Every structure is written in C-alpha cells, then in structure tokens.
Amino acid sequence: MIGEYSLWNIAAFSVLIVVALIIDLHAHKADAPVSMRDAAIWSVFWILLSLGFAYYVGVTHGRDQSALFLAGYLLEKSLSVDNLFVFMAIFSSFAIKDQYQHRVLYYGIIGALILRVVFVAIGSSLMLLGKWAMIGFGLFVLWSAWKMWQQSREEHREIVDYSEHWSLKLARKLFPVYPRIEGHNFFIRKEGVLHCTPLFLCLVAVEVADVMFAFDSVPAVIAVTREPFLVYTSNIFAILGLRSLYFLLAAAKRFLIHLEKSVIVILAFIGLKMLLDAAGVIHIAPMISLGVVLGLLCLGILASLVFPEKKNKEPKAGA
C-alpha cells in the first residue's frame, strides 16, 4: 500500500504507461522529424489517456481523489511549459537535427520516470537543497537565451565536429567522448573503447533540465495533495504529454519566422524568474508566469503572420 492506493493500482498505472510508451516508440521508430499533424494527434492521445486515468481514480477511490489528480495534473502541466523552451535551447545549443530529437526526449522521459520517484519520496524538502542549483540553472537558462539570440543573427551552420563544444570540454575529463554524432547512437565503440556521443550529452542536459524544474513543480503539486500516488502519477502524465507539445512548438517555429524571437525572450524571462525566486526577491505565481509565456508566444505568432518572410522576387522576363 502507498497511502490509500494498493499495489494493484500501482501495477495498473505502470502497465498503462509501459504500453503507451511502447506504442509511442513503435510509432516513431524511424529517424524522421515529427510533423505538426503527428504532434497534434499525440498531444490529444496523452490528454485523453490522462482523463481516462482520472476516471479510473474516480471509479476506484471517489470523485475527490479524481479531482485532486486533475488539479495536480493541470498544475504540473502549466509549470512544465517552461521546460519546452529550455529543451528547445538545449537542442539548439547541441545543433541536434529534428529527426533525432524525439529519441532524445523519449529516453529523457524514461529517466524522468525514475527521477520523479526520488523527488516525490523526499518531498518538498528538496527545495531547501536546491536553492543554489536553481541559481546555477537560472544562469544557464539566461546563457542559453543569449546563445540562441547570437545564433539567430548568424547563418545556420550544422555542427559536425564537437571537439570545441562546451559539453565535450566538460565531459571528456570524466569519460571518453566521441566528437561527432553517429546516427541516433548514444554510445559508439572506437578502437575497442566505448565512447559516448554528443547526442548522449544532449540527453544528459535534458535530464538535468527536468531535475531542475522538478525542484519547483513537485513541491507545488505536493501542496495540492500529499497522496504520493497522485503526486507521482499527475507528474508523469503531465511530462509525457509535454514532448508532443514540444514538437508542436518546434513544427510551428519552422513556419512562423518570428516565433524564435519570442522563444528567446521567454527563455530570458524563465531564467530571471528562477534567479529572483531562488534569491527570495520575488515569487512569480504560476498563472502569471503562464500568462506571460502565452502572451509572448501570441506576439511571435502574430508578428509572423503580419510580417511574413520576404521572398526574393524573380526578375520579370525581358527586364
């Protein structure tokens, strides 16, 4: 038993998640960019699955428990919006091609399933341990916004050799790192020695991002309900649907040319918000933060529609 929930309830949740992840992996087994249509379908799938689980909780443990699950789910979902933009900055920093991003986020979710257990078990006391970590990560997010702004002003160039990349400079002191991306492989064996690839370092960065945001989101959900099963399941369902929302945003960014500028400003806002909160200066309420993020996104979309990319006009014949 965990609180009011039996091992059968935990088993039912575990089977549901494992089956859904296997279906997801099978549907995206090819290394190909996730289209906007596909991302939209999977977003609806994860939302319906979450609502179905809320119904299951209601049937087995009553409406009050179902309402608590939904409250935790919606809160975690709103708090997790920040993750989307940090993921985008990480992929931009590592110059990860669109076709490999699903694989990184998929295995990032596997790691999150394990790490969130730790957070829920320890509870809100983690926040006391995470103040300095939050400050460091806030500075990283601001740096990411700065790097994205610099890259947006330059012609896009694919990174082939990662020898001078910041991640390799840090990681090669700890273990062998191969300086090139080799397909979708996280590890590769060269001259009998197992090396990790830049794609694995990107995965580690995504996992670290999830851990940092868990310092904020898990205690917030614990404030809604102290039932460990509901805290964990609401967290997991929220972050499972997060990947599809990311691909919706990434697909939109390909067509809406000014959306990237909004993303950069949002990243700067997220970084400052984390620093101010960790320093105890001011705490920005989740709904206000979500409103700022959505407002900036709407501005980016509107600007892209009003001021579309100017195409070079073909010279008229005989001109």
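With (1) at pLDDT below 85; (2) within 26 Å of residue 136 (Cβ to Cβ) as the list, and residue 239 as the residue in question, which single condition is left unmet?
(1)
Please go through region 254-269 and give me each residue that is modelled with pLDDT under 80, within 16 Å of residue 296 (Cβ to Cβ) and part of a helix (DSSP H, G or I), ordered by number.
259, 260 - these are the residues of region 254-269 that are modelled with pLDDT under 80, within 16 Å of residue 296 (Cβ to Cβ) and part of a helix (DSSP H, G or I).
Take residue 92 and decide whether it is within 29 Å of residue 151 (Cα to Cα), within 17 Å of the chain's Cα centre (by Cα) and of a type in the set (S, T, N, Q).
Numbers: within 29 Å of residue 151 (Cα to Cα): yes; within 17 Å of the chain's Cα centre (by Cα): yes; of a type in the set (S, T, N, Q): yes.
The answer is yes for residue 92.
Being modelled with pLDDT of 80 or more and under 24 Å from the mean Cα position of the chain (by Cα) is true for just one of 184, 165. Which residue is that? Please lay out each step first, then the result.
Values: 165 fails: modelled with pLDDT of 80 or more.
Exactly one of 184, 165 is modelled with pLDDT of 80 or more and under 24 Å from the mean Cα position of the chain (by Cα), namely 184.
Name the one entry in 229, 213, 187 that is more than 24 Å from residue 47 (Cα to Cα) and not β-branched (Val, Ile, Thr).
Numbers: 229 fails: more than 24 Å from residue 47 (Cα to Cα); 213 fails: more than 24 Å from residue 47 (Cα to Cα).
Within the list 229, 213, 187, the selection yields 187.
Given the conditions (1) at pLDDT below 75; (2) touching a helix residue (DSSP H, G or I) at 6+ places or on another chain (Cβ under 7 Å), report the number of the one that residue 158 does not fulfil.
(2)
Identify all residues within region 271-295 that are surrounded by fewer than 19 Cβ atoms within 10 Å (Cβ to Cβ), assigned to a helix (DSSP H, G or I) and of a type in the set (A, V, I, L, M); write none if there are none.
Passing the criteria: 272, 275, 276, 287, 288, 290, 292, 294.
Hey, could you check region 43-100 for residues that are among the basic types (Lys, Arg) and at pLDDT 85 or above and say which is surrounded by the most Cβ atoms within 10 Å (Cβ to Cβ)? If you could, list the steps in order and put the result at the bottom.
Step one: list which residues in region 43-100 are among the basic types (Lys, Arg), which gives 63, 77, 97.
If we keep only those that are at pLDDT 85 or above as well, we get 63, 97.
On the way: 63: 11, 97: 14.
Checked region 43-100; the qualifying residue surrounded by the most Cβ atoms within 10 Å (Cβ to Cβ) is 97.
For region 259-270, does any single residue satisfy the condition of being under 12 Å from residue 134 (Cβ atoms) and surrounded by 19 or more Cβ atoms within 10 Å (Cβ to Cβ)? Show your work before the answer.
Of all residues in region 259-270, those under 12 Å from residue 134 (Cβ atoms) come to 270.
If we keep only those that are surrounded by 19 or more Cβ atoms within 10 Å (Cβ to Cβ) as well, we get 270.
Checked against the condition, which is being under 12 Å from residue 134 (Cβ atoms) and surrounded by 19 or more Cβ atoms within 10 Å (Cβ to Cβ), region 259-270 yields at least one hit.
What number goes with the only condition from (1) crowded, with 21+ Cβ neighbours inside 10 Å; (2) at pLDDT below 85; (3) closer than 15 Å to residue 88 by Cβ that residue 251 does not pass?
So the condition that residue 251 fails would be (1).
From 291, 280, which residue is modelled with pLDDT of 80 or more, within 25 Å of residue 135 (Cα to Cα) and small (Gly, Ala, Ser)? Please lay out each step first, then the result.
Numbers: 280 fails: modelled with pLDDT of 80 or more.
Step by step, each of 291, 280 is checked, and only 291 is modelled with pLDDT of 80 or more, within 25 Å of residue 135 (Cα to Cα) and small (Gly, Ala, Ser).
Could you look through region 192-230, keep only residues that are polar (S, T, N, Q) and under 28 Å from residue 101 (Cα atoms), and pick out the one that is surrounded by the fewest Cβ atoms within 10 Å (Cβ to Cβ)? Even if it seems obvious, please write down each step before you answer.
Taking region 192-230 first, the residues polar (S, T, N, Q) are 197, 217, 225.
If we keep only those that are under 28 Å from residue 101 (Cα atoms) too, we end up with 197, 217.
On the way: 197: 21, 217: 25.
Going through the qualifying residues, I end up with 197.
The values are calculated or read from the model by the stated rules, or taken from the named source; none is laboratory data. Only a predicted model underlies this, so the values are computations on that prediction, with no experimental measurement involved. Ideal geometry is used to build each Cβ from the backbone, glycine not excepted, and the neighbour counts take in all protein chains shown.
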